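Inspection log for the structure reproduced underneath, given as structure tokens.
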Amino acid sequence: MYFLDRQGKLSEQASLSGSSIYGCCVGDATFFSTMVEPSAVNIEPNAVLYGSRDGHNWQRLMQWQKDRWPMGLFQYGNVQLPDGPNTSGVLAVSTVAVKQADQETSLWRVSAA
């Protein structure tokens with residue numbers, strides 16, 4: 001995870017456990033998720049949700065283990081996040097191809113800082 005400040009300075013903030021294709025903001029909080037996919041560098045067996053209030057301090061908030069179905073024939077384990085502006089104070093998280101939460105959407109209230 002990298003932070004680009006207004007002066008153009010780029011600084012590394014945290015490492016993610018896998019590839020990330022979803023990110024969103026809810027109020028002043030930012031979220032990214034990772035997927036479980038086969039590669040030499042992506043060895044984490046869990047799809048993970050990360051969050052930060054300031055873009056500098058990142059926390060692993062939740063994780064879901066990939067289900068037993070082969071990724072080559074079925075889907076990668078993934079945590080999908082919504083696009084677009086969100087001032088509702090609610091984060092929608094949809095999980096795919098994970099144990100005990102396949103094809104589920106959860107709503108999480110994001111408290112104000």
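The values are calculated or read from the model by the stated rules, or taken from the named source; none is laboratory data. Predicted model, so just to flag it, every value in this text is computed and none were measured. All Cβ positions, glycine included, derive from the backbone under ideal geometry; neighbour counts span all protein chains shown.
Odds and ends about this structure:
- Test: residue in the stretch 35-45 that is out of contact with any Ser or Thr (no Cβ under 6 Å at 6 or more places or on another chain), polar (S, T, N, Q) and within 22 Å of Trp108 (Cβ to Cβ): no
- Selected residue (criterion: farthest from Val36 (Cα to Cα)) from residues of the stretch 78-96 that are small (Gly, Ala, Ser) and at pLDDT 95 or above: Ala92
- Subset tally (residues that are of a type in the set (Asp, Glu) and in contact with a strand residue (DSSP E or B) (Cβ under 6 Å, 6 or more places away or on another chain)) for the stretch 75-100: 0
- Total residues in the stretch 92-107 satisfying the condition of being buried (at least 16 other Cβ atoms within 10 Å of the Cβ), hydrophobic (A, V, I, L, M, F, W, C) and part of a strand (DSSP E or B): the figure is 3.
- Figure legend. Inter-residue proximity from the stretch 29-54: first residues part of a loop (DSSP other than H, G, I, E, B), second residues hydrophobic (A, V, I, L, M, F, W, C) and loosely packed, with under 15 Cβ neighbours inside 10 Å, beta-carbon distance below 6 Å, spacing 6+ or different chains. Indicated pairs: Arg53/Ala113.
- Subset tally (residues that are in a strand (DSSP E or B) and free of Cβ contacts under 8 Å to residues at least 60 places away in the same chain) for the stretch 80-91: 1
- Residues of the stretch 57-94 classified as over 13 Å from the mean Cα position of the chain (by Cα) and more than 15 Å from Cys25 (Cβ to Cβ), total: 13
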